[in-house]
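Some notes on the structure that comes next.
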Amino acid sequence: MTTKELINLLEKCNPDALVVMAKDGEGSSHSPLDDMWGGAYRAGEVGYLTLSSALLAEGYTEEDIISDGVPAVILRPVN
């Protein structure tokens with residue numbers, strides 16, 4: 001699903017509704033959406049496209065870059 005497709009689906013929803021995510025593919029555990037960030041996706045893993053000075057200050061390194069992935073929006077549920 002692309003960001004555009006997700007936006008189209010969300011536009012049909014109640015804008016005051018809580019966003020809840022399944023924590024696994026079977027939907028046996030759920031948690032509210034906590035955060036999101038833009039990065040890259042490659043075969044089951046996510047990372048950054050580039051490192052900003054803020055990310056470097058947080059301790060991220062070149063190992064956290066996925067240069068051969070596709071741009072992605074990563075949604076994180078509350079733990």
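The values are calculated or read from the model by the stated rules, or taken from the named source; none is laboratory data. Predicted model only: the values in this text are computed from it and were never measured. In this analysis, Cβ positions are derived from the backbone assuming ideal geometry, glycine residues included, and neighbour counts consider all displayed protein chains.
Quick notes on this structure:
- Listed by first and then second residue, the pairs with beta-carbon distance under 8 Å, at least 6 apart or on different chains, first residue in segment 52-79 and acidic (Asp, Glu), second not in a strand (DSSP E or B), are Glu62/Leu51; Asp64/Leu51; Asp64/Leu55.
- In the set (1) modelled with pLDDT of 95 or more; (2) in contact with a strand residue (DSSP E or B) (Cβ under 7 Å, 6 or more places away or on another chain), the condition left unmet by Leu56 is number (2).
- Pairs linking a residue in segment 21-41 that is without any contact (Cβ under 8 Å) to a residue 40 or more places away in the chain and exposed (fewer than 10 other Cβ atoms within 10 Å of the Cβ) to a residue that is among the aliphatic types (A, V, I, L, M) and not in a loop (DSSP other than H, G, I, E, B), with Cβ atoms under 9 Å and 6 or more positions apart or on different chains, are Ser28/Ala22.
- In segment 23-51, the residues that are closer than 16 Å to Pro71 by Cα and not in a strand (DSSP E or B): Ala43, Gly44, Leu49, Thr50, Leu51
Table: residues versus (1) touching a His at 6+ places or on another chain (Cβ under 8 Å); (2) charged (D, E, K, R).
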| site | (1), (2) |
| --- | --- |
| Ile7 | no, no |
| Leu10 | no, no |
| Ala22 | yes, no |
| Gly27 | no, no |
| His30 | no, no |
| Asp35 | no, yes |
| Arg42 | no, yes |
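- Residue within segment 2-20 that is of a type in the set (Val, Ile, Thr) and free of Cβ contacts under 8 Å to residues at least 12 places away in the same chain present: yes
- Just so you know, in segment 1-22 the residues that are assigned to a helix (DSSP H, G or I) and closer than 18 Å to Arg76 by Cβ include one that is farthest from the chain's Cα centre (by Cα), and it is Leu10.
- Selection count where residues are charged (D, E, K, R) and part of a loop (DSSP other than H, G, I, E, B), scope segment 52-69: 2
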